[in-house]
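Taken together, the values in this text are just the output of simple stated rules run on the coordinates, not laboratory data. Fair warning: this is a prediction, and the values are worked out from it, not measured in the lab. Virtual Cβ from ideal backbone geometry, glycine too; neighbours counted across all protein chains shown.
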Amino acid sequence: MIAMPGTGKRFALSLGRGIVVLLICTGFVGLATAGPTPEEYAAHVGAGAQIVTSGDLRLDGKKAQCGQRPTVLDGQLDDYGAAYPGFLILNPKLLNKVSTPVKMWIFAHECGHQFRGPDEETADCFAVQRGRRQGWLTTDGLEEVCKFIAPAKGDSMHFAGSHRCELMRKCFEDKEIK
Ligand SMILES: [Zn+2]
């Protein structure tokens, strides 16, 4: 049986009143775990899934590449992005609702899981440093990312989002690559 993202670790944002919105990343299955191939994943999703070869993906016209890894576009994914060892998954319908730097950051965050493992803060740091080096992330863009991950004021997850942003701002300024 193929493990689908729904069976993996999830990161949920509680907006109160029992409404839970999945936040950014459906999680990452550890490198030691054999996951599906992109072809197996796309076949499981069925109609509408599309495998994009490494180097061919554009987000608002900007090239989005994660080493040699392909990306599966899955409009049914219940999150913006996810990662399996060896490939990334993006939901183009949800990505269409966010700005270009936020799109690029989501892709780079999932790419961070490919190279740095399951830790969210490490993937965040990888993403902003890559954005700075590649030129698609400015301090203004970083603030858009911060707004994106902290949509609900005053609750505990808002604090978590703010905490992640503090770390990302530090990483963005840090010349030492994490
Ligand atoms: Zn993540």
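So here's what we get for this one:
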quantity	calculated
From phi via Karplus (6.51, -1.76, 1.60), per-residue ³J(HN,Hα) for the range 87-97 in Hz, x at Gly/Pro	7, 10, 10, 10, 9, x, 5, 6, 4, 4, 8
Listed pairs Lys63/Lys170; Lys93/Lys147; Lys97/Lys178; Lys63/Lys103 exceeding 21 Å between Cα atoms	Lys63/Lys170; Lys97/Lys178
Net charge, Ser54 excluded, C-beta distance under 13 Å - Lys, Arg +1, Asp, Glu -1	+2
Segment His163-Asp60, length gained on full extension (0.36 nm per residue, minus Cα span)	34.2 nm
Per-residue HN-Hα couplings for the range 45-62 [Karplus 6.51, -1.76, 1.60; θ = phi - 60°; Hz; x = Gly/Pro]	5, x, 4, x, 7, 9, 8, 10, 5, 3, x, 9, 7, 10, 10, 6, x, 8
Packing rank of 124-136, 47-59, 63-75, where each peptide gets the mean count of other beta carbons within 10 Å, highest leading	124-136, 63-75, 47-59
